[in-house]
Structures are given as C-alpha cells and as structure tokens.
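Before any comments, here is the structure.
All of the numbers you see were taken from the coordinates with simple rules; none came from a lab. On a predicted model such as this, the values are computed, not experimentally measured, just so you know. Because the Cβ atoms are built from the backbone with ideal geometry, glycine has one as well, and the counts that use them run over all protein chains shown.
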Amino acid sequence: MEVQQETTDSCVAQRGADGRPPGLTMPQALVISALMPVVFVLAVVLSLRGMPTGEILRLLGGAGAIGMVLVVAVTPGGRGAVAAAARAALQAGR
C-alpha cells in the first residue's frame, strides 16, 4: 500500500487572482497607519476646544474621504480609477 502525498503550495493557495497575497499593500498600510491617529487626535482636540459635534463629524467625514482616495490611489491600478472619478466629478460640476 502506497501513501501519496498531496503537494500543495500554501503561498499559491493564499494568493489572489492577480498573484498578490490578500490584504493591504505596504503603501496602503502606511497611509492608514499615519492618517488614522491624526484624525482621532484632531477630533479629540477639536472637541476639547468646544467645537460642536456636528462640525467635528463633517470634518472627520471629509478627512475620511481624503484618506479613502489616498488608499485607492496607492492600489495597483487605482490611480486610473481616481483620475476617472475626478474627471466625472468635474464634468458633473459643469
């Protein structure tokens, strides 16, 4: 009786369709890890200085949108998507 070993490459099994491992890329992780603490500190400082909560939430929403654009821009092929969205926004504003 012969035992057959199944050869599987665990690295290949964990990679996505484009050949990269799943998860964030290094630039995405850097942007997120640098942006999030700044946003939270800004929220705390503004609330301690007496800014209304509604204004803080609008400010954080804008910062989150900017952060999302930065994260998308550093993904492979993401710059084209950001450029297309910017062109569409400019066309809609005219």
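Suppose the chain between Ala84 and Ile56 were pulled fully straight at 0.36 nm per residue; how much longer would it get relative to their current alpha carbon spacing?
Stretched fully, the Ala84-Ile56 segment lengthens by 7.1 nm.
Tell me, in nm to one decimal, what length is gained between Val45 and Leu30 on full extension, where the rule is 0.36 nm per residue of separation less the Cα-Cα distance?
Full extension of this stretch gives 3.1 nm more.
From zero outward in steps of 5 Å, how is the percent of C-alpha pairs of the stretch 30-92 spread across the bins?
Histogram of Cα-Cα distances, whole percents per bin: 4, 16, 20, 18, 15, 12, 9, 5, 0.
Give the peptides 67-76, 43-52, 29-38, 85-94 in descending order of average Cβ contacts within 10 Å, highest first.
Highest mean packing first, the order is 67-76, 29-38, 43-52, 85-94.
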